[in-house]
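The values are calculated or read from the model by the stated rules, or taken from the named source; none is laboratory data. As the structure is a computational prediction, the values presented were derived from the model and not from experiment. Reconstructed Cβ throughout: ideal geometry from the backbone, glycine too, with neighbour counts over all protein chains shown. Surface accessibility is based on the protein's heavy atoms, side chains included, excluding ligands, DNA and RNA. Shrake-Rupley method; radii C 1.70, N 1.55, O 1.52, S 1.80 Å.
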Amino acid sequence: MSQTRFDIQTAAVIGAGTMGRGIVMSLANAGVQVLWLDNNPEMLEQALGVVADTYAHNVRQGRIDEAQAQARRAYIRKAADYQALADVDLVIEAVYENLELKQKIFRELDGIVKPSGILASNTSALDIDAIAAVTKRPEQVVGLHFFSPAHIMKLLEIVRGAKTSKAVLEASIGLGKRMGKVSVIAGNCPGFIGNRMLATYVREARMMLLEGAYPHQVDAALQGFGFAMGPFRMYDVVGIDLEWRARELAGKGQDEAEVQVDNRLCELGRFGQKSRMGYYRYAEGSRQAEHDPEVDALVQRESERLGFQRREIGSEEILERCLLALVNEGAKILEEGMAESSSDIDTVYLYGYGFPAEVGGPMTWADRQGLTAIRDRLNALAERHGEHWQPAELIDSLATLGGRFVDYKKKA
């Protein structure tokens with residue numbers, strides 16, 4: 001492979017939803033010329049209006065001046081069709097999470113974009129190799145997973161496919177720096193680093209609702225530990241319906257016990273902040289989460305319907321199960337080489353998921369507890385709650401050797 005260096009001066013973004021808007025602003029703010037495309041021209045017009053409003057708001061707040069706002073707006077231009085993207089250095093696809101749709105887009109881009117162009121997907125969980133496989137340039141396909149809102153959140157997960165070249169990864173890191181992002185390279189596995197760990201954390205939070213806890217209790221315990229927000233407040237912010245619709249679309253996962261509370265909320269149109277009701281209630285124009293006894297009643301009904309014997313669940317158990325779920329999955333990610341170091345995993349959690357900075361990230365927290373203690377606690381949870389709590393092999397081996405995550409380097 002020749003040591004091509006990629007110089008990203010021009011980019012295109014496909015998709016004018018929330019993520020597309022944030023990515024376009026991130027690029028324009030970094031002085032990158034952006035062509036913007038969406039198959040719905042009205043949606044694109046509306047998105048351009050939102051971007052202009054955001055810059056006007058930033059001027060009113062004194063964050064930028066009018067000249068900067070104008071310059072940033074000038075970097076963004078509409079594209080009529082894929083053909084208009086032929087000469088860009090980078091294309092970022094930011095449409096909804098559907099593999100067939102993304103493959104269709106990449107197939108089309110591959111035939112149009114210049115041979116030296118990088119093709120990137122903003123997928124948060126889908127297989128980058130399956131996307132790259134439909135192109136004739138798999139070494140120039142990469143995941144650029146921005147976090148919402150993309151123009152504000154600092155984290156950028158750069159997902160390397162099996163064939164992604166070193167030069168493309170370096171160009172992606174360089175672009176991340178220009179955009180003011182903290183970049184972490186992740187391997188290609190379902191959910192990458194952040195969302196793969198989040199799935200285990202959220203599963204425990206949801207199971208505890210069925211076993212006896214209430215959303216406000218779980219959130220209070222995790223916010224008390226220092227998280228920016230607990231899992232249920234987080235779902236209200238991002239929209240409870242996103243995963244619900246994704247399960248419907250995929251035709252799987254809708255029957256799992258732990259998602260039944262979410263399903264009932266969505267059936268009632270309680271999608272979160274955007275509908276002023278989710279796990280919490282919100283006054284008109286307010287983002288303040290208010291405890292809603294109706295949700296407690298719904299949680300109780302669902303857990304009884306599913307045959308759970310409810311019991312008192314205290315803050316200590318909530319913290320134990322949510323934190324250890326993160327750590328155990330993080331250890332598996334490290335062991336599989338899907339993260340280059342435990343500090344990369346911590347970075348993802350500090351900058352993307354509101355983990356308390358003073359604690360230093362889930363893997364640092366575990367190192368401070370001592371991995372022998374972590375292994376014992378996981379074994380105790382496995383006895384009470386099942387096999388999925390078995391300690392990762394890496395925890396077992398490091399505990400036996402008296403080692404720490406921070407010192408671990410996977411042998412090539």
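Taking all protein chains into account, the per residue accessible area for segment 1-99 stands at 52 Å² (1.4 Å probe). Peptides 93-99, 156-162, ordered by how many other C-beta atoms sit within 10 Å of their residues on average, highest first, read 156-162, 93-99. Excluding ligands, DNA and RNA, the accessible surface per residue across segment 214-346 is 47 Å² with a 1.4 Å probe. The value obtained for the chain, namely the Cα convex hull volume divided by the number of residues, is 149 Å³ per residue.
The smallest convex shape that holds all Cα atoms of segment 87-246, its convex hull, gives 117 Å³ per residue. Taken about its Cα centre, segment 101-228 carries a charge dipole of about 520 debye when Lys and Arg each add +1 at the Cβ and Asp and Glu each add -1 at the Cβ. Taking a ≥ b ≥ c as the square roots of the eigenvalues of the alpha carbon gyration tensor, segment 93-177 is oblate, as a/c is not under 1.5 and a/b does not beat b/c. Karplus-derived 3J(HN,Hα) values for segment 352-365, using 6.51 cos²θ - 1.76 cosθ + 1.60 with θ = phi - 60°, are x, 10, x, 5, x, 4, 5, 7, x, x, x, 6, 5, 4 Hz; glycine and proline are entered as x.
For segment 236-247, the Karplus equation 6.51 cos²θ - 1.76 cosθ + 1.60, evaluated at θ = phi - 60°, returns couplings of 5, 5, 7, x, 5, 6, 4, 5, 4, 5, 5, 5 Hz by residue, with Gly and Pro reported as x. The local environment of Leu85, defined by Cβ-Cβ distances under 13 Å, has a net charge of -4 under the rule Lys, Arg +1 and Asp, Glu -1. When a 1.4 Å probe is rolled over the protein heavy atoms, the share of accessible surface on the chain that falls to carbon and sulfur comes to 50 percent. In this structure the amide hydrogen of Val182, modeled in the peptide plane, comes within under 5 Å of the amide hydrogens of Leu155, Leu156, none closer than 5 places in sequence on its chain. If you wrap segment 216-314 in the convex hull of its Cα atoms and look at it from every side, the mean projected area works out to 6.8 nm². Let me make sure I get this right: for segment 261-412, a, b and c are the square roots of the gyration tensor eigenvalues over alpha carbons, sorted descending. Under 1.5 in a/c it's rounded, otherwise prolate if a/b > b/c, else oblate. Which is it? Here segment 261-412 falls in the prolate category. Please label the shape of segment 1-67 as rounded, prolate or oblate, based on the square roots a ≥ b ≥ c of the eigenvalues of the alpha-carbon gyration tensor (a/c under 1.5 means rounded; beyond that, a/b larger than b/c means prolate, else oblate). Oblate, since a/c reaches 1.5 and b/c is not below a/b.
Beyond 23 Å in Cα-Cα separation lie the following of the pairs Lys78/Lys114; Lys136/Lys332; Lys136/Lys163; Lys114/Lys136; Lys104/Lys163: Lys136/Lys332. Couplings 3J(HN,Hα) of segment 259-275, computed from phi: 9, 5, 5, 4, 4, 5, 4, 5, 4, 8, x, 8, 8, x, 3, 5, 10 Hz, in residue order, whole Hz [Karplus 6.51 cos²θ - 1.76 cosθ + 1.60, θ = phi - 60°; x for Gly and Pro].
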